[in-house]
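Values in this text are rule-based calculations from the coordinates and carry no lab data. The shown structure was predicted, so the numbers you read here are calculated from the model rather than taken from an experiment. Virtual Cβ from ideal backbone geometry, glycine too; neighbours counted across all protein chains shown.
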Amino acid sequence: MGRQHWKKIWVGSAGNMVEWFDWFVYASFATYFAGAFFPSGNPTAQLMNTAGIFAVGFFMRPVGGWLLGRVGDRKGRKAALTLTVTLMSASAVLIAVAPTYGVAGYGGAFVLLVARLLQGLSVGGEYAASATYLTEASDPRRRGFASSFQYVSMTAGQIAGLGLLIVLQRTLSDHALHSYGWRIPFVVGALGAAVVFYLRRNMLETEVYEEDASHAGERGTLRALWRHRREAFLVVALTMGGTVAYYTYTTYLTKYLSNSAGLSKETATLVSFTALIVFACLQPLAGALSDRIGRRPLLITFAVGSTVLTVPIMTLLKHADGYWSALGLALLALVVVTGYTSINACVKAELFPTGVRALGVALPYAVANALFGGTAEYVALWFKKGGIESGFYWYVAACAAVSLVVYVTMRETKDLDLARVKAAEGAGDGSTESTVTTAS
């Protein structure tokens, strides 16, 4: 892979990391600010309120996917990526200065809600813009490897958030963290977004996008996407199991270990931090493997493993009695999830032609995340509050089973030529014609 390809991947990934740092620190620090915006009472109820706002942010992602996906297809991947980081910076500032319940009543929760809606709008476009950019900017023979850096950077953002949490836990008192310390990561996120804005203003556009001049008037439109509705529905279905599993073992894991397994917040955070470092390192390895054996084998492995192992892993995690036992189980779960996370970005991008690729990835993926990823934590806490926490384990396994059916029946996309994926002329059934090239 040439130096120019690496430069594009680095710039795209760096911005993605800051975006997801801002997105995930909300979940990582929720146990500290949950009581700041809602009346005192049941800790689980407070977490459900903050988880509800977390989920609401996901419901803005389809809107962001549509708007920013359209920008990405009509104005370029660079324009969309610059806009997403601007929105994320604004939302981080809002959370950092939001007044507490004691100062403004539910006014603070309203500011928190507005900020999460902006974050949802931003991330709804960020995923597709970065997935499309990384896939198009890479060597065609190493698209799986290159696009895997999307989840490397996403996970790096979460690791940075958890790392900052660990530092604050060891430098501030518990009272200070609940009082003002939780605002610090949002200030850091806003500053980081400002730096990334500068980087993205100077990034290079992908050659695939610049060379594509077909159907300029319909770039990024819903009408153009409708011609690829089968691929859009495929994105929703193949995302379903992966996004539920991912959010279960990343954003929800820390709360689960402290709120259900009874581990201290510090131990639970350290488990997540360590597991995510290993998880990030696995992504390029799995992505490179997909360039050799194909995307479907990895997706099928994930779905089978998640369907069969979710219930026993979650059950054992609930009874984990220390750092090492919890870490071992978390790593097992994340190794399974790697089969999805390492390649899902390029698989989705490979399904669509250039003129609708950003929108084609963004909108259906955002819908799937709104329905399944964003609600995973809330559904888990709902089951817990109802006294049937194990029901959530079966829910995650069922979602993976649905995606398994899709993975088994979908076509292989590894050798598709991105520049020559096009809509079938006059096709009214959403079918596509793709030229397959053998990577030598």
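For region 286-308 and region 145-197, write down the distance between their C-alpha centroids in whole Å.
Going from one Cα centre to the other spans 30 Å.
What are the radius of gyration and Dmax of region 84-153, computed over its Cα atoms and given in Å?
17.1, 57
Under 10 Å, Cα contacts only: if you run a Gaussian network model on the chain, which one of 104, 401, 92 comes out with the highest mean-square fluctuation?
It is 104.
Mind listing the Cα extents of region 74-208 along all three principal axes, in Å, largest one first?
55, 32, 21
Any idea what diffusion coefficient region 68-107 gets from Stokes-Einstein, in µm²/s, Kirkwood Rh on alpha carbon pairs, 4 °C, 1.567 mPa s? Present the calculation step by step, with values, prior to reporting the outcome.
Values: Rh = 12.0 Å.
Answer, rounded: 108 µm²/s.
Let me spell out the model: positive unit charges on the Cβ of Lys and Arg, negative unit charges on the Cβ of Asp and Glu, origin at the Cα centre of the chain. What dipole size does that give, in debye rounded to 20? Kindly include the intermediate steps, with their values, before the conclusion.
Numbers: 36 positive and 26 negative charges, 46 e Å.
My answer is approximately 220 debye.
Once you have the alpha carbon radius of gyration of region 267-389, what is it after dividing by 2.2 N^0.38 Å, with N set to its residue count? Mind dumping the intermediate values first?
Values: Rg = 16.6 Å, N = 123, 2.2 N^0.38 = 13.7 Å.
It is 1.21.
Run through all the Cα pairs of region 190-347 and give the fraction in each 5 Å bin from 0, expressed as whole percent.
Values per bin, smallest distances first: 1, 8, 14, 14, 14, 14, 14, 10, 6, 4, 2, 0.
If exposed chymotrypsin sites (Phe, Trp or Tyr not before Pro) are those in a DSSP loop with at most 16 other Cβ within 10 Å, what is the longest stretch of the chain that has none? Present the calculation step by step, with values, prior to reporting the outcome.
On the way: sites that count: 106, 180.
Counting at most 16 other Cβ atoms within 10 Å as exposed, the longest clean stretch of the chain is 181-440.
Roughly what angle does helix 149-171 make with the longest principal axis of the chain, taking Cα atoms, 0 to 90 degrees, to the nearest 10?
Computed tilt is about 20 degrees.
Taking each pair of different alpha-carbon atoms in region 121-168 once, compute 1/r for the pair, average those values, and report the inverse of that mean as the Kirkwood hydrodynamic radius in Å to one decimal.
Working: mean 1/r = 0.0839 Å⁻¹.
Mean inverse Cα-Cα distance, inverted, gives 11.9 Å.
Please report the spacing between the Cα centers of region 347-404 and region 312-331 in Å, no decimals.
23
How large is Rg over Rh for region 140-192, taking Rg from the Cα atoms and Rh as the Kirkwood inverse mean of 1/r across Cα pairs?
On the way: Rg = 15.7 Å, Rh = 12.9 Å.
Result: Rg/Rh = 1.22.
Among the listed pairs 75/414; 255/348; 265/384; 7/348; 78/414, which are separated by more than 21 Å between their Cα atoms? Don't skip to the end; give the middle numbers.
Working: 75/414 27 Å; 255/348 31 Å; 265/384 18 Å; 7/348 23 Å; 78/414 25 Å.
Violating the 21 Å limit, Cα to Cα: 75/414; 255/348; 7/348; 78/414.
Please state the equivalent ellipsoid semi-axes for region 157-223: what are the square roots of 5 times the Cα gyration tensor eigenvalues, largest first, in whole Å?
Values: eigenvalues 366, 38, 21 Å².
So the three semi-axes of region 157-223 are 43, 14, 10 Å.
Suppose we keep just the alpha-carbon trace of the chain; what are its Rg and Dmax in angstrom?
20.7, 66
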